[in-house]
1. Determine which single condition Y230 fails, assuming it passes every other condition in (1) in contact (Cβ under 8 Å) with a residue 60 or more places away in the chain; (2) open to solvent by 10 Å² or more (accessible area, probe 1.4 Å).
2. Can you go through L152, L175, L167 and tell me which one is open to solvent by less than 50 Å² (accessible area, probe 1.4 Å), more than 17 Å from A85 (Cβ to Cβ) and not β-branched (V, I, T)?
3. Could you check the range 263-291 and list, in sequence order, the residues that are open to solvent by less than 40 Å² (accessible area, probe 1.4 Å), in contact (Cβ under 8 Å) with a residue 40 or more places away in the chain and not small (G, A, S)?
4. Which residue, of L79, L58, is open to solvent by 20 Å² or more (accessible area, probe 1.4 Å) and farther than 26 Å from S268 by Cα?
5. Do you know which residues across the range 12-49 are more than 21 Å from L285 (Cβ to Cβ) and outside any helix (DSSP H, G or I)?
6. Which of the residues spanning the range 252-288 are over 22 Å from the mean Cα position of the chain (by Cα), over 18 Å from F46 (Cα atoms) and in a helix (DSSP H, G or I)?
7. Filter the range 78-103 down to residues that are part of a loop (DSSP other than H, G, I, E, B) and small (G, A, S) and give me whichever is modelled with the highest pLDDT.
8. Could you list all residues from the range 135-151 that are free of Cβ contacts under 8 Å to residues at least 12 places away in the same chain, outside any loop (DSSP other than H, G, I, E, B) and not basic (K, R)?
Amino acid sequence: MQHGKYRFIVGFLVAPLALYAIFVIWPFVQAIYYSFTDWTGLSPDFKMVGFANYTRMLHDDIFWKSLQHSLLFALLLPLVTLGLALFFAFMLNVGGRRRKGAAITGVRGSGFYKIAYFFPQVLSIAIVSLLFQFAYNPNDGVINGTLKAIGLGSVQPDWLGDPNLALWCVMAVLLWSTVGFFVVLFSAGMASIPKDFYEAALLDGASRATTFFKITLPLLWDTVQSGWVYMGILALGAEAFAAVQIMTVGPGGPDYSTTVLPLYVYQSAFRDANAAYATTIGVALLIVTLLFAAIVMRVGRRERLEF
């Protein structure tokens, strides 16, 4: 059985590793290479400029604004999204009142709530962003219309036109569109935890909060950690880009108040025809994403619990 084992394993790994190297690793290598050139993205001609693009980036105020906004997304969105998802999942699975024949149950109608929470995942981020762009309209949007209907006609914010509000409005949309996925993910994890653990804790007089922090969260920690990395990558990448690109003035405005790194990469490459500088910002985004994932994995490391 051992004869030719390694040749068998290598034979299966060669094709996927080759595809991964061609379509994942090689584009990264190309991006790093072009960041040292003056390539416009429109011409095959370019020359090496050394660290000129990196020097420009370090002195670029828009880059630092974009980095600040991206870091704010990466720090706050996972925290709020996973916190809400854990709370909702706990209530749907083990947070209900005791019923006859079942000491541990979720709230009534938990099946319906799971479908309702997951519904935004059925829609693409582009459709969600368009819907909320209409909802945030200061003249005839549903939010300001509701404020008028309840007697708050004097409170009519320009949600996406106010530099102090626009970024938080985008963040609220990303929160609404992603929390349902993690509710379902954590619900599946909680369903695999033996009910005997909760029943024993309740017999010992433990409260719901105690069972959550002493039983549920430790046994779900691996899932939470993976979700934290995944949510951070979404906040630093495509989800944030799509929402800002579609919803905001400019896009990225007003006055660069919502510009994030992926959007700045796109604008530098396709609006300003400066692909080399765009790849430089992309390299910075890659470093930020890797650092974020490494920090989360390191800080969240703990002994694995089996049950």
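1. Of the numbered conditions (1) in contact (Cβ under 8 Å) with a residue 60 or more places away in the chain; (2) open to solvent by 10 Å² or more (accessible area, probe 1.4 Å), the odd one out for Y230 is (1).
2. Working: L152 fails: open to solvent by less than 50 Å² (accessible area, probe 1.4 Å); L175 fails: more than 17 Å from A85 (Cβ to Cβ).
So the residue among L152, L175, L167 that is open to solvent by less than 50 Å² (accessible area, probe 1.4 Å), more than 17 Å from A85 (Cβ to Cβ) and not β-branched (V, I, T) is L167.
3. Applying the first criterion (open to solvent by less than 40 Å² (accessible area, probe 1.4 Å)) to the range 263-291 yields 263-265, 267-269, 273-285, 288-289.
Restricting the remaining residues to those that are in contact (Cβ under 8 Å) with a residue 40 or more places away in the chain gives 263-264, 269, 273-285, 288-289.
Hits for the range 263-291 are L263, Y264, N274, Y277, T279, T280, I281, V283, L285, V288, T289.
4. Working: L58 fails: farther than 26 Å from S268 by Cα.
Answer to the selection: L79.
5. L42, S43, P44, D45, F46, K47, M48 - these are the residues of the range 12-49 that are more than 21 Å from L285 (Cβ to Cβ) and outside any helix (DSSP H, G or I).
6. Within the range 252-288, R271 is the sole residue that qualifies.
7. Of all residues in the range 78-103, those part of a loop (DSSP other than H, G, I, E, B) come to 94-98, 100-101, 103.
With the extra rule that they be small (G, A, S), the set shrinks to 95-96, 101, 103.
Values: G95: 68, G96: 62, G101: 53, A103: 56.
Among them, the one singled out is G95.
8. Of everything in the range 135-151, those that are free of Cβ contacts under 8 Å to residues at least 12 places away in the same chain, outside any loop (DSSP other than H, G, I, E, B) and not basic (K, R) turn out to be A135, V142, G145, T146, L147, A149.
The values are calculated or read from the model by the stated rules, or taken from the named source; none is laboratory data. Worth saying up front: this structure is predicted, and the values here are computed from it rather than measured. A quick note on method: Cβ atoms are made from the backbone with ideal geometry, for glycine too, and the neighbour counts reach across all protein chains shown. Each accessible area value is taken on the protein alone, full model and side chains, heavy atoms only, with ligands, DNA and RNA left out. Shrake-Rupley method; radii C 1.70, N 1.55, O 1.52, S 1.80 Å.
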